[in-house]
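The values are calculated or read from the model by the stated rules, or taken from the named source; none is laboratory data. Note that this is a predicted model, so its numbers are computed, not measured. Don't worry about glycine lacking a Cβ; one is built from the backbone with ideal geometry, like all the others, and counts go over all protein chains shown. Note: areas computed on protein heavy atoms with side chains; ligands, DNA, RNA excluded. Shrake-Rupley method; radii C 1.70, N 1.55, O 1.52, S 1.80 Å.
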Amino acid sequence: MAHSHPPSHGHSHSHGHSHGLPASGHLNKAFLLGIGLNLVYVAAEAWAGWWYNSLALLSDAGHNFTDVISLLLAFFALKMAQRKPTYRFTYGFGKSTTLVSLLNAMLLLLAVGAIGWEAIERLGTAPSLNGTAISVVALVGIVINGATALLFLRDKDHDINVKGAYLHMAADALVSLGVVAGGVIMYYTNWFWVDAVLSLIIIVVIVWSTWGLLVESLRLTLDAVPQGLDVRVIREHLLAKPGVVQVHDLHVWAMSSTENSLTAHLVVENTYQDTQLTEIREELVHHFGIQHVTLQVERGAVNQACVKAGVYH
């Protein structure tokens with residue numbers, strides 16, 4: 001729809017990373033160390049499961065292997081996000097972090113589903129298990145998974161993939177703790193059905209801790225407004241600036257799991273000064289954590305026909 005006055009355009013871009021990952025070198029080491037430790041443990045647990053004929057250990061080894069894959073995917077996403085933009089991918093490859101976080105959450109839920117299926121089957125026909133061997137191997141799992149989770153603890157709130165890795169490892173530590181307890185109980189009582197019951201309880205804990213990650217990953221993949229941001233508050237903030245009389249075509253989305261972006265058209269009066277763009281940009285960065293800002297300034301009276309038509313949404 002044409003404007004009643006020729007618009008003049010102002011653009012403001014911010015490429016700060018104040019809300020990004022604080023130490024990519026630390027994360028690179030954390031991922032590599034976590035992947036290495038868990039690969040060794042998966043191999044040892046699978047061997048122990050075969051040696052002691054323990055389906056519980058073999059199943060847990062399979063579950064831990066899916067977490068190794070998840071760590072590899074998250075590490076891949078981290079490296080992709082560090083790649084520079086190209087002429088074809090002008091926004092860079094940061095969006096891969098949200099796609100991988102979605103896949104990560106789905107993998108964890110699929111692994112939980114497999115464990116749940118096996119646990120339900122065991123409720124009816126619980127096999128005899130070597131409680132001592134299961135407890136010892138699972139105890140090692142607590143150490144490995146707990147140590148790996150600690151590697152991601154300080155960065156888990158900065159990136160959804162790091163948070164996913166942390167949740168994976170913390171969930172595995174819980175699983176191992178349950179297996180240790182089950183092994184002790186089975187050793188003293190021969191109540192082999194305890195293994196299945198504990199597995200079901202742990203599944204509930206894992207689903208509860210993962211569901212939020214899945215929902216937020218799906219939201220970011222669909223370019224929804226990132227969690228913690230309210231477009232209505234941002235609009236009111238922009239309208240409160242001197243000379244700004246209307247805001248339309250306001251869009252906020254996540255460029256990656258660590259960076260947010262905003263575009264908007266500002267309809268302004270003659271009292272508005274272009275020097276305000278820098279101030280607005282800096283406020284959006286510091287108050288809302290929006291690092292990439294593009295603002296288009298339109299001078300002249302507000303087109304009421306466009307308002308009624310819903311253009312100024």
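Some values worked out for this structure:
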quantity	calculated
Which listed residue, of I203, I185, is open to solvent by 20 Å² or more (accessible area, probe 1.4 Å) and farther than 28 Å from V100 by Cβ	I185
Matching residues, the stretch 265-287, being open to solvent by 40 Å² or more (accessible area, probe 1.4 Å) and not acidic (D, E)	H265, N270, T271, Q273, T275, T278, R281, H286, H287
Failed item in (1) assigned to a helix (DSSP H, G or I); (2) in contact with a Phe, Trp or Tyr (Cβ under 9 Å, 6 or more places away or on another chain); (3) not β-branched (V, I, T), with R83 passing the rest	(1)
Every pair of residues 6+ apart whose Cβ atoms lie under 9 Å, when the first sits in the stretch 170-185 and is more than 14 Å from Y41 (Cβ to Cβ) and hydroxyl-bearing (S, T, Y) while the second is open to solvent by 30 Å² or more (accessible area, probe 1.4 Å) and modelled with pLDDT under 85	none
Qualifying position, being within 19 Å of N161 (Cβ to Cβ), among the hydroxyl-bearing types (S, T, Y) and either open to solvent by 60 Å² or more (accessible area, probe 1.4 Å) or over 16 Å from the mean Cα position of the chain (by Cα) (or both), among T125, T90, T66	T66
Matching residues in the stretch 206-244 - criterion: being on the phi > 0 side of the Ramachandran plot and without any contact (Cβ under 8 Å) to a residue 60 or more places away in the chain	D223, G243
Matching residues, the stretch 230-257, being of a type in the set (A, V, I, L, M) and within 23 Å of G92 (Cα to Cα)	L250, V252, A254, M255
Sole exception among (1) farther than 29 Å from R83 by Cβ; (2) open to solvent by 20 Å² or more (accessible area, probe 1.4 Å) for E259, by number	(1)
